[in-house]
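The values are calculated or read from the model by the stated rules, or taken from the named source; none is laboratory data. Source: prediction; values computed, not measured. Every residue, glycine among them, receives a Cβ derived from its backbone with ideal geometry; neighbour counts consider all protein chains shown.
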Amino acid sequence: MNQTITPAATAATGSPTEPTNGAAVSVRGIVKAYKGARALDGVDLEIRAGEFLTLLGSSGSGKSTLLNIIAGFTTATSGQVVVDDADLTRVAPHKRDLGMVFQHYALFPHMSVFDNVAFPLRRRKTPKADIAQRVQEALDVVELGHLAKRMPSQLSGGQQQRVALARAIVFRPRLLLLDEPLGALDRRLREQLQLEIKRLHRDLGITFVFVTHDQEEALAMSDRIALLRDGQIVQVGTPEELYERPAQLYAAQFLGESNVFAGGVEAGTFSDATSGAHLSCASGAVDGPGAMVVRPENLSILADGEPLPAGHNALSGTISEVTYLGSVVRLELTLPDGRRLVARADTAQRGLVVGASAVATWSSERCQIVSDSGEQVPHHRAGLVRP
């Protein structure tokens with residue numbers, strides 16, 4: 001724990017062969033029960049040294065409970081938390097030597113910025129000669145070195161959160177836990193601090209475990225995402241893996257907008273449950289119930305009569321919504337049975353108006369068939385979407 005707060009020699013990529021300042025965390029069979037109900041139900045998770053891993057899920061998914069068990073603020077009913085081969089399951093929080101950042105800053109209002117950041121060093125009985133240097137280092141990392149004498153009430157929300165970050169890293173932990181640290185900020189400031197936290201992670205090279213319910217935040221910031229639902233992990237992977245190749249329907253619907261075709265595969269063919277229609281989707285398939293997912297950016301809506309791309313699926317309908325979003329236009333196509341398809345097109349595509357006949361098309365290479373059970377169903381055929 002003697003490294004200085006300086007940029008890491010090697011960017012953290014998750015590779016076990018590369019040097020890193022971060023700690024590896026192993027969560028093994030964690031259960032947390034409250035009066036018979038399980039907030040966490042046998043969670044296993046390997047967090048790689050130096051990576052930025054996000055625990056993502058809706059309210060009640062267990063993400064904050066898991067973070068608090070790693071921190072030691074909540075005791076697991078059963079299971080283990082191992083950090084760098086040391087079992088910390090029953091170790092008190094202040095002895096785990098990790099940093100923690102909360103949503104509501106938790107700064108001491110009667111202390112200056114300097115004293116807030118110095119607090120964990122004084123609790124650890126750090127020599128006075130070292131405190132000033134370490135505090136200045138930490139404040140410089142978050143670009144607040146010039147505000148050391150100010151009081152928290154004199155700072156903006158974003159500046160207060162950066163002070164909280166400086167306080168969490170000043171004692172040079174190898175693991176930093178962040179519990180929805182941007183949740184209390186407005187959108188513009190939140191997006192700015194997303195970039196700053198990513199830079200901080202890159203510069204320090206330590207392990208970040210970040211909790212959020214915001215899918216866009218998770219996709220933008222993470223090396224990997226662990227998606228939780230009802231106390232269990234649904235899927236772990238890179239942002240691209242979870243978005244492009246969801247393991248089950250819940251992941252596809254939680255991460256981004258989706259056109260969902262409910263149905264099943266029989267004898268290698270996907271049939272839509274509503275219409276019985278068959279549409280092509282690349283590669284083989286496993287028999288059983290499933291759903292086909294087409295992302296709006298992978299679906300095109302063409303004016304009636306325009307030439308269709310060769311080999312693409314095509315469904316006719318009527319334009320029901322056209323929404324201008326600046327760089328893109330969001331289009332809704334209502335099918336004859338009342339179900340809707342959503343597409344995003346560039347603003348050059350202006351010939352589509354509400355009430356016009358149109359055709360939705362997509363490539364068989366740009367769809368995904370998943371199962372509700374979590375078993376990956378390879379691509380083959382698909383049906384119509386449900387709203």
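Side notes on the structure shown:
- Count of the stretch 279-336 residues, restricted to those that are among the charged types (D, E, K, R) and either crowded, with 16+ Cβ neighbours inside 10 Å or within 28 Å of the chain's Cα centre (by Cα) (or both), is 4.
- So residue 332, is it modelled with pLDDT of 90 or more, in a helix (DSSP H, G or I) and outside the structural domain of residue 239 (by the TED database): no
- Criterion (closer than 27 Å to residue 104 by Cα, in contact with a strand residue (DSSP E or B) (Cβ under 7 Å, 6 or more places away or on another chain) and at pLDDT below 95) met by exactly one of 261, 254, 210: 254
- Members of the stretch 86-116 found to be closer than 28 Å to residue 26 by Cβ and free of Cβ contacts under 8 Å to residues at least 24 places away in the same chain, listed by number: 86, 87, 88, 89, 90, 91, 92, 93, 95
- Candidate set from the stretch 144-159 (those that are among the aliphatic types (A, V, I, L, M) and either outside the structural domain of residue 192 (by the TED database) or under 29 Å from the mean Cα position of the chain (by Cα) (or both)); member that is farthest from residue 103 (Cα to Cα): 144
- Cβ pairs under 6 Å, 6+ apart, first in the stretch 27-50 and in the same structural domain as residue 76 (by the TED database), second in a loop (DSSP other than H, G, I, E, B) and among the β-branched types (Val, Ile, Thr): 31/77; 32/77; 33/77; 49/20; 50/20
- Within the stretch 58-169, helices (runs of 4 or more DSSP H) holding 3 or more residues that are surrounded by fewer than 20 Cβ atoms within 10 Å (Cβ to Cβ) and aliphatic (A, V, I, L, M): 128-141
- Meets criteria (farther than 30 Å from residue 337 by Cβ and touching a strand residue (DSSP E or B) at 6+ places or on another chain (Cβ under 7 Å)) for residue 219: no
- Test: residue in the stretch 348-360 that is in contact with a Lys or Arg (Cβ under 6 Å, 6 or more places away or on another chain) and either in contact (Cβ under 8 Å) with a residue 12 or more places away in the chain or among the polar types (S, T, N, Q) (or both): no
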